[in-house]
Structure formats: C-alpha cells, structure tokens
Amino acid sequence: MSHRAASTTACVPPITLTDHSPPDRWPLPHRAGLGLKPEHFTHIHEHQPDVGFFEVHAENYLVAGGPLLQHLTRIRESYPLSIHGVGLSIGGEDPLDTTHLDAVACLLERFQPAVFSEHLAWSSHGGVFFNDLLPLPYNLPTLQRVCEHIDQVQSRLGRALLLENPSTYVEFISSTWSEGDFLREVIHRTGCGLLLDVNNVYVSSVNHGRDPRRSLCELPCHAAGEIHLAGFAEDLDAAGDRLLIDTHGTPVAEAVWALYDAALAITGPLPTLIERDNDLPSFEVLRQEARLADMHLSAIAPATGRAKPCPRTKTRYAAAQEVA
C-alpha cells in the first residue's frame, strides 16, 4: 500500500440514503471489529457475519470509482465503519499535503464513518513518501507543529480525529516530554481523542525497557475512543536485546490480551479493532479472535461506570531544555 497522496480531489457522490439506510456516522458499538480486506468481500456479502464494525485504511480508497468503493458502499449499508489514515504525516516538518487531505475529506463525506483516526508519526518529507510511520522527538517545537496540523485536519474534516500512540524502536535525546504527557497536551490543545493501540504500548515498552502497565497508565486513556489490538514479531537488536516489531502479521499475544484487560479497567468498554495486515488468515479465523475480544469486553461491561484511572506518574517534561 502506498502512502502517496491521492491524485484527484474530486469527491465521489455521497451514498444515497433511503428509509432503510444506516444513519450518518453510525456509531461504533462497544464490540470487536475487524480490518476490512478485499480477500474477504465475498464472504462478508454472502454470510453477513456477526461483527461489531469494520475499519479500512483511507489511502486504499482514495479513488474516484471502481470495485473497491462499490464493495465498501455495500458493506457500509450493513455495518458501522471506522476509517484509519496512514498518510497525512501529521508529525512531519513539511506543511500538510492539502490535496491528500481534500481526498480524505471527500472519502469521509461519502461514507460518514463513526471514527476517523491517524497516527502520531510522520511518513513524508521533502516530497519523498515512506512506506512507514516514523517516530518523533517529544519536545515543544514538535508539539506546536503536531497541534497545528491536527487543527488543520479537524477544521477541514469538520470533526475531531483520534490520534494513535505509535510503536517505536528508537527514542530521541532531544525529547523533553514523555509520550504520555505529550499526547495529553496534544489532546488538551486540539480537542482530538486517543486511539489507544494496546499492542503499540506493549511493543514500545519492551523495546525501551519500560513496564507496559506503567506506560499504559501514563497515557491519556480518559480520551480514548477506540482500541487497537494486533500481533507482533520478535527479534534481537544489535546488542542482543529483545526487539519487538509491530507487524500485524500474527494473532494477538497473551501479554497483549492481559494489557488489554488492564486498559479496559481504566477506560471501560470501547470499540476494539483486531488488526491483521500481513499473513492474512481466513475470515473465520479473524472472527474467532474478534469473539475473544468480545468476551473480554463483556467481562468488564457489568462494572458500573469506569474504573479510576491510574495515578499520574512523574513527568519527564523539562522546560529548561526546550527550544522555542
């Protein structure tokens, strides 16, 4: 999948609503959903499986017409939809690509998803597009730039987005904020929400030698509107230390399921996506994993209200190190 901006800004016609059409911005239920893949279109059309919702990557649908949009239109008639962006490069130093943003806006106008999300990352620079989501230094200049970009995106889309915490393999010595405090400040300044990727919390924590539950508690979980779960691959780095890679190519690990339970104890039940982008199994295999997530959600559902959030940990913010 390419992250390059769409080549057209023309909006496709909106879905024609009838008395039997789903509502605009059909909300995501507090259930498990699946990433929608073309390999599964036929199965979904024929069997109408019991799945909470589907999520698609925006950049796969930034076209003026064709079978992908036809399939998505048909599925949108029966299921709530979440759209997940991977190419806006919100953390990039360059100005946002307004052509790409316009194309995303047209896609959202057509399909009226319940949720639109993007990443706290960058994926383009100087006109070069990278097939990756790259990390940021957490400092004041980055904070100001990310907030400006989010304000621009939310203004163009006419809605708040959810910002996903990243999986990272390196950290910057120029960072003066912890990731949790950085995200908390972004959310405070822009009014966006959090897409809580529990697998990313686990991967990043292991890679940087931190306790995953402590890392989870540092995030602004109160602002979470959706949760992602995925699988990772395991390797060793150059020093021989354990290295986890966010591949989305395996089932969710037991350690991530345990961290998911800890997250639900903080957030309460939330729409939860099972991500699988590589080594794609049959639809039924994925649906079994979604059912397992539904079981975890059901276990927390009887609790009244939301559990008390984790106590705030000591911040790493160091104002004296900031460079305006």
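The values are calculated or read from the model by the stated rules, or taken from the named source; none is laboratory data. Keep in mind that this is a model prediction, so the values were computed, not measured. All Cβ positions, glycine included, derive from the backbone under ideal geometry; neighbour counts span all protein chains shown. Surface accessibility is based on the protein's heavy atoms, side chains included, excluding ligands, DNA and RNA. Shrake-Rupley method; radii C 1.70, N 1.55, O 1.52, S 1.80 Å.
Taking the mean number of other Cβ atoms within 10 Å as a proxy for protection, how do you rank 199-212, 54-67 from highest to lowest?
Details: 199-212: 19.8, 54-67: 17.8.
So the order, starting with the most tightly packed, is 199-212, 54-67.
Computed from backbone phi with θ = phi - 60° and the Karplus coefficients 6.51, -1.76 and 1.60, the 3J(HN,Hα) list for region 30-37 is 7, 9, 8, x, 10, x, 7, 10 Hz; x is used for glycine and proline.
Report the gain in length on full extension from residue 241 to residue 278: 0.36 nm times residue separation, minus Cα-Cα distance, nm rounded to one decimal.
The residue 241-residue 278 span can extend by a further 10.8 nm.
Residues whose amide H comes within less than 5 Å of that of residue 243, counting only those at least five positions distant or on another chain, are 235, 236, 237 (H built at 1.01 Å from N in the peptide plane). Per-residue extension of 0.36 nm, minus the Cα-Cα distance of residue 291 and residue 155, leaves a gain of 45.3 nm for this segment. Based on alpha-carbon centroids, what's the gap between region 182-255 and region 44-118 in Å, whole number please? Using only Cα atoms, the two centres lie 23 Å from each other.
Distances between placed amide hydrogens fall under 5 Å for residue 165 paired with 195, 197, all partners being 5 or more residues away or on another chain. Per-residue Karplus couplings for region 99-114, computed as 6.51 cos²θ - 1.76 cosθ + 1.60 with θ equal to phi - 60°, are listed in order as 5, 5, 4, 4, 5, 5, 4, 5, 4, 5, 4, 5, 9, 6, x, 5 Hz, Gly and Pro entered as x. The portion of the accessible surface of region 45-108 made up by carbon and sulfur, rounded to a whole percent, is 46 (1.4 Å probe; DNA, RNA and ligands excluded).
Accessible area per residue, 1.4 Å probe, Å², for region 204-302: what's the number? Write out the running numbers ahead of the final one.
Details: 4140 Å² over 99 residues.
It amounts to 42 Å² per residue over region 204-302.
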